[in-house]
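These notes concern the structure reproduced below.
The values are calculated or read from the model by the stated rules, or taken from the named source; none is laboratory data. Computed from a prediction, not measured in an experiment: that's the story for all the values here. Cβ atoms come from the backbone with ideal geometry, glycine included; neighbour counts cover every protein chain shown. Ligands, DNA and RNA are excluded from the accessible area calculation, which covers all protein heavy atoms including side chains. Shrake-Rupley method; radii C 1.70, N 1.55, O 1.52, S 1.80 Å.
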Amino acid sequence: MKRIIGYRFFILFLLSGCVTLHAQRQEQPAQKQQQQPSGPEHIRIVPKQMTQEGVNLKIDMTFDLSNVHIGSMESHTFTPILVAGKKELELPKVIIKGVSRYKADRRADKLSGRPPVEFAKNQKKITSSIYTIEKYSKSGTIPYKISIPYRDWMENAKMNLREDVTGCCGVEEGTMVYKNVYRKVLKIDIDPRFSYIEPQPEAKKRRSEIGRAYLEFPRGKSVIDPNFSNNRRELNKINEMISIIATDPDVVVTKVEMRGYASPESSESFNNDLSYKRARAMRNYFTRMSTISQDLFQVGRGGEDWEGLVSLLQDYPVAYKGEIMRIINTVYNLDVREQRIRAIANGQPYRQIFRDLYPKLRRVDCEIEFTVRNFTLDESKERIRKKPKQLSQREIYDVARTYQKGSREFNETLLTARSQFPEDDIANLNGAAAALSEGDTELAEEYLYKVQNTNTPEYANCLGVFYTLTGNFDEAENLLRKAEEAGMSEATHNLRELERVRPRTKRDVPRRRSLDPDGE
């Protein structure tokens, strides 16, 4: 009887708590409107782009969660809504859940047989109608990028943001937490012009290829057994790479380096020696069967492959991953580092990564360095599809010049040059111009960010076009005038294009970097 009474009291206590919480929530909206009307505990929306580009409408904004604190059993659903008169279109939602709510919903989905909503975090593009973010333990942002088919009614559309909150007592009425995130769709359709930079010829075209063999070695051993596990397949992979390069009449091999790596168990000094012995065994294996001079083969020791372990840990599910990464980043004595990882949770995480990840660290890399002869224009056009790595940037640029500037073939050729020389300023700047010609502002932004020398008129003109297409008109004008003053006729044309698409009044300009939650 006492136990039954106790249960009844406990249930009444829970119900009274929910009623109290619900009553408090009914009183909060009025205060919230006065203090922080922008979502749960200071959530902030940062708009970046809402523009019509061709047949698509592109929307780009960020949910800033750096100051968000939601209840463990709460779920906040944010729905962007395009509005134009009586026309409305709900866009993919963002759902932010507290830890307990997230786990409870996953359990309910599992019991009911429903497929769970995919969990995603900071993904580049939205791939489903809803994606769920578990309550952040650290500050973070959610990028929201989407491209939808453009319709005529969207010409004067604005975007609002509705919030629905689910707690232990059900769903509250949805409230419009942001009015006019974007005041108006920005329609930008310009005909940009660019000045491209001609790269210098390479004095000597030096290239390299790296092959990676994940060989199965018994623990602490360095003898290669081709018939053990997948070793035959891994060795054939390296042999094929060496053979293709060695028999190519257009190249001259200058060095073949075998570099061994070991997993972190045992001492650092032991693993350094072990990695060297494995590389030496690989060298001996291939010198017996390769036509390349033995004098060109070299051996290097990579030691313990901690960098490889960090890369494997990124997407690997293991408990205490944060603690493991902290130890890797802060403990520089490798023997002490491994001992501390072993000690976490009585060694359970260590045993897991030892079983699943350590075998992938026991490998030998083969790097072949070689030089390539110069090619004629016709030869370059033939090789650009199949062997672009053998071409210099100048040879690729010469191929591009056989096409009309701004044509699809011209742009594709410059983008090929950028893919082959991703750290080169000229390749990045010409690639950004090609991307902007195709209307791809995201790719252009990535390339422009890589350019180190930003003091050229070509850079100012290209960045000015980028800012025009993304609606930052003041910056666009400053940069284009700078390029025009340097004598660039393309900038003069782009300034005329800017004035043609630039809104005539401040009311027409979409707000891009700050928000008034009331939409005034």
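Tally up the residues in the range 246-266 that are under 30 Å from residue 338 (Cβ atoms) and either among the hydrophobic types (A, V, I, L, M, F, W, C) or part of a helix (DSSP H, G or I) (or both), please.
Final tally of qualifying residues: 2.
With the requirement that a residue be open to solvent by less than 50 Å² (accessible area, probe 1.4 Å) and within 18 Å of residue 308 (Cβ to Cβ), what does the range 247-265 give you?
Hits for the range 247-265 are 257, 258, 260, 261, 262, 263, 264, 265.
Of the conditions (1) touching a residue at least 40 places away in the same chain (Cβ under 8 Å); (2) open to solvent by 80 Å² or more (accessible area, probe 1.4 Å); (3) within 30 Å of residue 252 (Cβ to Cβ), residue 405 satisfies every one except a single condition; which number is it?
Answer for residue 405: the failing condition is (3).
Using the structure shown, decide if residue 244 is more than 30 Å from residue 59 (Cα to Cα) and either crowded, with 17+ Cβ neighbours inside 10 Å or hydrophobic (A, V, I, L, M, F, W, C) (or both).
The answer is yes for residue 244.
Among the residues of the range 195-216 satisfying the criterion of being assigned to a strand (DSSP E or B) and of a type in the set (Gly, Ala, Ser), which is most open to solvent (accessible area, probe 1.4 Å)?
Top of the filtered list is 208.
Out of (1) under 12 Å from residue 199 (Cα atoms); (2) in contact with a Pro (Cβ under 6 Å, 6 or more places away or on another chain); (3) open to solvent by 50 Å² or more (accessible area, probe 1.4 Å), the odd one out for residue 424 is which?
Failing condition for residue 424: (2).
Just to be sure, is residue 93 at pLDDT 75 or above and either under 30 Å from residue 440 (Cβ atoms) or not β-branched (Val, Ile, Thr) (or both)?
yes
Are any of the residues in the range 68-83 of a type in the set (Val, Ile, Thr), within 20 Å of the chain's Cα centre (by Cα) and modelled with pLDDT under 65?
no
With the requirement that a residue be over 22 Å from residue 58 (Cα atoms) and either of a type in the set (Val, Ile, Thr) or without any contact (Cβ under 8 Å) to a residue 12 or more places away in the chain (or both), what does the range 431-461 give you?
Within the range 431-461, 451, 454, 455, 456 meet the criteria.
What are the residues in the range 374-402 that are touching a Pro at 6+ places or on another chain (Cβ under 9 Å) and either open to solvent by 60 Å² or more (accessible area, probe 1.4 Å) or part of a helix (DSSP H, G or I) (or both), if any?
Within the range 374-402, 374, 393, 394, 395, 396, 397 qualify.
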